[in-house]
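J.: Here you go, one structure.
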Amino acid sequence: MALQCGIVGLPNVGKSTLFNCLSNAQAQSANFPFCTIEPNVGTITVPDSRLFKLEELVNPQKVIPTTIEIVDIAGLVKGASKGEGLGNQFLGNIRSTTAIIHVVRCFDDPNVVHVDGSVNPVRDKEIIDTELQLKDLETVEKALQKHKKAAQTGDKAAKKIVDALEGVVEHLSEGNSVRSMKLEDDEAELINALDLLTIKPILYVCNVDEGSVVSGNEHTKAFEASLGENAEVLYISAAIESEIATMDRDDQIMFLEEMGLTESGVGRLIKAAYHLLNYITYFTAGEKEVRAWTITAGTKAPQAAGVIHTDFEKGFIRAEVIAYDDFVALGSESACRDAGKLRIEGKEYVVKDGDLMHFRFNV
């Protein structure tokens, strides 16, 4: 499952610094707009402490975590929807992502120039929102013109589509993002097909100074007060994350404890991105490898098997399932089997986060 999050924001808010912390790919990080012209793509592993425990118990030849792709998209500016800056290219890069990580600057530093001359995260968010909404408005209005022609011939299905699209136009015209609309299932299917920018799930990252990483500051308070949508917000100090990225695991733990944190911002960000997309993880564990697999919450066993290989889904017979907590408590598959903790599940079984799965199939 390709999970791709695009990092967006105005120039000089800390996107590329954050990307560098997230990925081994080193995007140029410079104090001027448009230092990231082509989107940098980094593949990062999803931190999951359960893998360490499974490795300890199973002692496999290798451990394979699940991954996320992060795309560092160059800074958007006012007028991007009309092609200002590198507008059309940026908007195209956002369109190809699964979710948006919107970085806003919430720190004061006279040495880092702000593209609009002052630090104001509320204004910055509104600039980006407006550009994405304007682009979506353009997309929806084009679709509306096409369906209006069909509706004029008396086509009832086209009339229903026109009504739905007119609702979206009205919502966008009022300065709202499509993700905040309440859509019926058939409307949602239609709107999703347009691949709109403002329907994508979004995570806001407030890039703060070192002293504000635990409880925020005046900038973050103003920003959160302005959020009308049911949004998820993280405080991260890109400067601190740059330091953490150079440390070994033990030093990282000590450093984080001193800061009053239990986990790095990068770890929290990746988990939040997972949560945002309603993803969960199941595991396969054997002598050759222990591996994490990503699925959407609510996925049934055959489709979960299909993530490993399409043949597993086509020829699915059954799944042998052990809950992660049971496996850790008892220490091995054979102990779980003896204790009656290994379950046989069929095609209707909905996979749970942390399940250890073994699939039986026949093709």
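J.: Using 1/(1 + (r/R0)^6) with R0 = 45 angstrom and r between the beta carbons of residue 360 and residue 258, what's the FRET efficiency to the nearest 0.05?
T.: Once the sixth-power term is evaluated, E becomes 0.35.
J.: Here's a follow-up. Grab the beta carbon distance between residue 174 and residue 297, set R0 = 45 Å, and tell me the FRET efficiency rounded to 0.05.
T.: Values: r = 32 Å, r/R0 = 0.71.
Between residue 174 and residue 297 the formula returns 0.90.
J.: For segment 148-301, what is the percent of antiparallel DSSP beta bridges, rounded to the nearest 5? Provide the component values of the computation, followed by the final result.
T.: On the way: 7 of 12 bridges.
The antiparallel proportion sits near 60 percent.
J.: Expressed as a rounded percentage, what relative contact order does segment 186-278 have, with Cα pairs under 8 Å and six or more residues apart?
T.: Computed over segment 186-278, the figure is 31 percent.
J.: Now a separate question. Once you treat every alpha carbon in segment 267-311 as an equal point and sum by Debye, what is log10 I(q)/I(0) at q = 0.15 Å⁻¹?
T.: Ignoring solvent entirely, the Cα scatterers give -0.45.
J.: If you roll a 1.4 Å probe over the heavy atoms of the protein chains, what accessible area per residue do you get for the chain, in Å²?
T.: Ligands and nucleic acids excluded, the result is 49 Å² per residue.
J.: Could you give the Stokes-Einstein D for segment 221-306 in µm² per second, using the C-alpha Kirkwood radius, 25 °C, 0.890 mPa s?
T.: Roughly 152 µm²/s, to the nearest whole number.
J.: Express in nm, to one decimal, how much length is gained between residue 275 and residue 112 on full extension, taking 0.36 nm for each residue of separation and deducting their alpha carbon distance. Show your work: numbers first, answer last.
T.: Values: separation 163, 0.36 × 163 = 58.68 nm, distance 3.22 nm.
Extra length available between residue 275 and residue 112 comes to 55.5 nm.
J.: Filter the trypsin sites (Lys or Arg not before Pro) in segment 153-247 down to the DSSP loop ones having no more than 12 other Cβ atoms within 10 Å, then list what survives.
T.: On the way: sites: 156, 159, 160, 179, 182, 221; in loops: 182.
For trypsin sites (Lys or Arg not before Pro) across segment 153-247 that sit outside H, G, I, E and B with at most 12 neighbouring Cβ atoms in 10 Å, the list reads 182.
J.: Ok, one more. Mind jotting down the three principal axis lengths of the chain based on Cα atoms? Whole angstrom, largest first.
T.: Cα spread of the chain along its principal axes, largest to smallest: 64, 63, 34 Å.
J.: How many nm separate the modelled label positions at residue 233 and residue 248, each set 7 Å beyond the Cα in the direction of the Cβ?
T.: 3.9
J.: For the chain, which whole-number percentage of the solvent-accessible area (1.4 Å probe, protein heavy atoms only) is attributable to carbon and sulfur atoms?
T.: Roughly 49 percent of what the probe reaches on the chain is carbon or sulfur.
J.: A further question follows. How many nm is it between the label spots at residue 317 and residue 138, if each spot is 7 Å from the Cα in line with the beta carbon?
T.: In this crude spin-label approximation the distance works out to 5.6 nm.
J.: Just subtract the alpha-carbon distance of residue 155 and residue 335 from 0.36 nm times their residue separation and send over the number in nm, one decimal.
T.: Full extension from residue 155 to residue 335 adds 58.4 nm.
J.: Calculate I(q)/I(0) for segment 271-363 by the Debye formula, one identical point scatterer on each C-alpha and no solvent, and give its log10 at q = 0.13, 0.17, 0.21, 0.25 Å⁻¹ to two decimals.
T.: Each listed q maps to, in turn, -0.42, -0.72, -1.05, -1.33.
J.: Follow-up. Excluding residues on the same chain fewer than 8 positions from residue 160, give the lysines whose Cα lies under 19 Å from its Cα.
T.: 142, 146, 148, 149, 182
J.: So what is the 222 nm mean residue ellipticity for the chain from helices alone, if each DSSP H run of at least 4 adds -39500 (n - 2.57) and you divide by all residues, rounding to the nearest 500 deg cm²/dmol?
T.: Calculated mean residue ellipticity at 222 nm is -12500 deg cm²/dmol.
J.: Take the alpha-carbon centre of segment 238-260, take the same for segment 287-362, and report the distance between them in whole Å.
T.: Value for the Cα centre distance between the two parts: 35 Å.
J.: Give me the lysines in straight-line cross-link reach of residue 314: C-alpha distance below 16 Å, same-chain residues under 8 apart excluded.
T.: Output for residue 314: 300, 347.
J.: Taking a label point 7 Å from the Cα of residue 222 along the Cα→Cβ vector, which residues of segment 111-146 have an amide N closer than 11 Å to it?
T.: Flagged as within label range: 118-124.
J.: Scan the chain and note any complete DSSP helix (H) whose C-alpha atoms cover at least 20 Å along its axis and whose Kyte-Doolittle average is -1.0 or more.
T.: Result, helices passing both filters: 121-151, 156-173.
The values are calculated or read from the model by the stated rules, or taken from the named source; none is laboratory data. Just so it is clear, the model here is predicted, and its values are computed rather than measured. No Cβ is skipped: glycine too gets one built from the backbone with ideal geometry, and neighbour counts run over all protein chains shown. Keep in mind that these areas ignore ligands, DNA and RNA; they rest on the heavy atoms of the full protein, side chains included. Shrake-Rupley method; radii C 1.70, N 1.55, O 1.52, S 1.80 Å.
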